[in-house]
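Everything on this sheet refers to the single structure shown next.
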Amino acid sequence: MNECNPTPFIQQLNQLSLTTIILVIPFLRNSLDGISRQATSFDTKSYSMNKGHYNNKTLRTLKGERWKDIPEFEGIYKVSNLGRIKSLDRIIAHPRLKEQFVAGRILSQSIAKNRNIKTGEPMIDLRVSLSRDGVQHFFNTRRVVYAAFRKQIDFEKDGMYVINKDGNGYNNTLKNLKLATKTEKSVRAFKRER
């Protein structure tokens, strides 16, 4: 069995220039990713799907990106048609300073990985945490995008789900989202053997 010992490689990195290290990091990341895939039985298909806009943290607006206020969080957060969520520059209450400036940023989205009971295939949902008045609220990203650009829905009242057309939970672009009833969602899952 071939053991992978990264220690000599890391010692060599200490002697390289910063430019060389920047060029080597993607290679190292891919190598370590490959090692972690071999060590786990998790389906590698999900890794290839992880190419969405959600992990782009630049504050610059991307090509074709439009931003809208998130309902009930106006003036605090915005969501884009590409599925990115950002906080806005604002002043918040501070116990000692009275007020504190907080710079806006692109928010990290957590990845909820569940396994399909029948196929064992991973099912991905992106989620985001938004806070208002000191209280955290957790949302499914696709519902936030849909609520800002189409209409806000209440599952209890409307009985509708927001689903990804292509089944890729990383792809929460507006054009990839649609409403479905519980029956439509179940039929789709049955057809896909999920």
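The values are calculated or read from the model by the stated rules, or taken from the named source; none is laboratory data. These numbers were taken from a predicted model, which means no experiment stands behind them. Positions of Cβ are backbone-derived with ideal geometry, glycine not excepted, and every protein chain shown enters the neighbour counts. All accessible areas refer to the heavy atoms of the entire protein, side chains included, with ligands and DNA or RNA removed. Shrake-Rupley method; radii C 1.70, N 1.55, O 1.52, S 1.80 Å.
Taking segment 147-194, which residues are of a type in the set (Gly, Ala, Ser), part of a loop (DSSP other than H, G, I, E, B) and within 22 Å of the chain's Cα centre (by Cα)?
Selection gives 167, 169.
Limited to segment 71-80, what total is found for residues that are open to solvent by less than 20 Å² (accessible area, probe 1.4 Å) and under 17 Å from residue 177 (Cβ atoms)?
Residues meeting the conditions: 2.
Sort out which residues of segment 146-181 are of a type in the set (Lys, Arg) and surrounded by 14 or more Cβ atoms within 10 Å (Cβ to Cβ), and write them in order of number.
178
Of the residues that sit in segment 51-70 and are within 14 Å of residue 141 (Cβ to Cβ) and open to solvent by less than 70 Å² (accessible area, probe 1.4 Å), which one is modelled with the highest pLDDT?
The extreme case among them is 70.
Any residue that is closer than 24 Å to residue 75 by Cβ, in contact with a Ser or Thr (Cβ under 9 Å, 6 or more places away or on another chain) and either at pLDDT below 85 or not β-branched (Val, Ile, Thr) (or both) - is there at least one of those in segment 151-161?
Among the residues of segment 151-161, not one is closer than 24 Å to residue 75 by Cβ, in contact with a Ser or Thr (Cβ under 9 Å, 6 or more places away or on another chain) and either at pLDDT below 85 or not β-branched (Val, Ile, Thr) (or both), which makes the answer no.
Given the conditions (1) on the phi > 0 side of the Ramachandran plot; (2) touching a residue at least 24 places away in the same chain (Cβ under 8 Å), which single one is not true for residue 98?
(2)
For segment 106-146, how many residues are free of Cβ contacts under 8 Å to residues at least 24 places away in the same chain, part of a strand (DSSP E or B) and of a type in the set (D, E, K, R)?
Result for segment 106-146: 2.
Among the residues of segment 81-108, how many are under 17 Å from the mean Cα position of the chain (by Cα), small (Gly, Ala, Ser) and open to solvent by less than 40 Å² (accessible area, probe 1.4 Å)?
Of all residues in segment 81-108, those under 17 Å from the mean Cα position of the chain (by Cα) come to 81-87, 105-108.
Within this subset, residues satisfying the condition of being small (Gly, Ala, Ser) are 83, 87, 108.
Going one step further and asking which of them are open to solvent by less than 40 Å² (accessible area, probe 1.4 Å), we end up with 83, 87.
Counting residues in segment 81-108 that are under 17 Å from the mean Cα position of the chain (by Cα), small (Gly, Ala, Ser) and open to solvent by less than 40 Å² (accessible area, probe 1.4 Å) gives 2.
Given (1) surrounded by fewer than 16 Cβ atoms within 10 Å (Cβ to Cβ); (2) farther than 29 Å from residue 58 by Cβ, identify the lone condition not met by residue 132.
(2)
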